[in-house]
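Everything below concerns the one structure shown next.
The values are calculated or read from the model by the stated rules, or taken from the named source; none is laboratory data. All values reported here derive from a predicted model rather than from experimental measurement. Reconstructed Cβ throughout: ideal geometry from the backbone, glycine too, with neighbour counts over all protein chains shown. Note: accessible area is taken over every heavy atom of the protein model, side chains too, but ligands, DNA and RNA are not part of it. Shrake-Rupley method; radii C 1.70, N 1.55, O 1.52, S 1.80 Å.
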Amino acid sequence: MLILSAHREEKVRRLAAPDIAARKGGEPIVCLTAYTTPVAAALDEACDLLLVGDSLGMVVHGLPNTVGVTLEMMILHGQAVMRGSRKAMVVVDMPFGSYEGAPEEAYANAVRIMKETGCQAVKVESGPTVPATIAYLVQRGIPVMGHVGLRPQAVLVDGGFKAKGKDEAGRLKVLEEARATAEAGAFAVVVEGVAEGLARDVTAAISVPTIGIGASAGCDGQILVVDDMLGLFDWAPKFVRRYADLKGEIERAAADYARDVKARTFPGEAETYYAKKG
């Protein structure tokens, strides 16, 4: 007779696009980037949303910007984050060149990301031609997060990572792109690198949550690159608050390890296997 265990692990429901969309104007949405299984597992309980950002090209692979990131890279890291998380919604960035052309091509690439990773949504940077593609994807069952303001994939056009909306024309452009993104069906919009007043205007102007990064506390939620927040680099943007100094901790641990190896105190008896006697 089969007896089911009374201690079976409780099923955890993963958050999805409607859960995030429903937080508009309510409890702030907690988001961080994640790229690996162990980090995703560590972040899962605290976060509502984990973004597998194409920032992985810079922070994990050492690329100068996000332009060189491939679809295969995003899928590989998306799979890793899904393995490590249970509760948080996982969103995977569509990399440069994977969605800006024909909507049919964007759809094929988005379907591949979602099927091969199991993620709950994709994210696109909302340039002038992108809202039509967002609508195309959403109409075909793919949840989409938008991204306005500073768009890292446009770094070569902009000549660097530059804040947006500094003058009236720029301000109106960001507002227009945010409205078009929300109206196209995006369930949330990342707002990056804009002044506090513009962030509040965008948040008030659209019916879906805004997720700020370098956009003040006036948004419906916040996101940071996890490596910046954990202090893995010597330098971080102005908008980053460091909650740890992992680079210093890693350097200290490596130095301690090197000392023990050179002194032949590692491995010691506790770390050594011995043959059984007799």
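Observations
- Cβ pairs under 6 Å, 6+ apart, first in segment 20-37 and among the β-branched types (Val, Ile, Thr), second not in a loop (DSSP other than H, G, I, E, B): 20/188; 29/221; 33/51; 33/226; 36/80; 37/80; 37/83; 37/84
- Residue count for segment 116-162, restricted to those that are crowded, with 22+ Cβ neighbours inside 10 Å and among the hydroxyl-bearing types (Ser, Thr, Tyr): 3
- Check on residue 232, at negative phi, in contact (Cβ under 8 Å) with a residue 24 or more places away in the chain, of a type outside the set (Lys, Arg) and assigned to a helix (DSSP H, G or I): no
- Members of segment 172-189 found to be farther than 14 Å from residue 134 by Cα and either in contact with a Pro (Cβ under 7 Å, 6 or more places away or on another chain) or β-branched (Val, Ile, Thr) (or both), listed by number: 174
- Spans of helices (runs of 4 or more DSSP H) in segment 126-224 with at least 2 residues at pLDDT 95 or above and of a type outside the set (A, V, I, L, M): 130-139, 168-183, 196-205
- Top-ranked residue in segment 23-51 [being touching a His at 6+ places or on another chain (Cβ under 9 Å) and not β-branched (Val, Ile, Thr); ranked as nearest to residue 223 (Cα to Cα)]: 34
- In a residue-by-residue description of segment 118-125, the property of being outside any strand (DSSP E or B), in contact with a helix residue (DSSP H, G or I) (Cβ under 8 Å, 6 or more places away or on another chain), acidic (Asp, Glu) and closer than 18 Å to residue 208 by Cα applies to at least one position.
- Neighbours by Cβ (under 6 Å, 6+ apart or cross-chain): first from segment 108-131, under 14 Å from residue 79 (Cα atoms); second of a type outside the set (Asp, Glu) and open to solvent by 20 Å² or more (accessible area, probe 1.4 Å): 117/79; 117/82; 118/82; 120/16; 121/143
- Elements of type strands (runs of 3 or more DSSP E) in segment 10-115, at least 1 residues being open to solvent by 60 Å² or more (accessible area, probe 1.4 Å), of a type in the set (A, V, I, L, M, F, W, C) and closer than 27 Å to residue 235 by Cβ: 29-33
- Residue within segment 189-209 that is over 30 Å from residue 251 (Cβ atoms), open to solvent by 30 Å² or more (accessible area, probe 1.4 Å), under 18 Å from the mean Cα position of the chain (by Cα) and not basic (Lys, Arg) present: no
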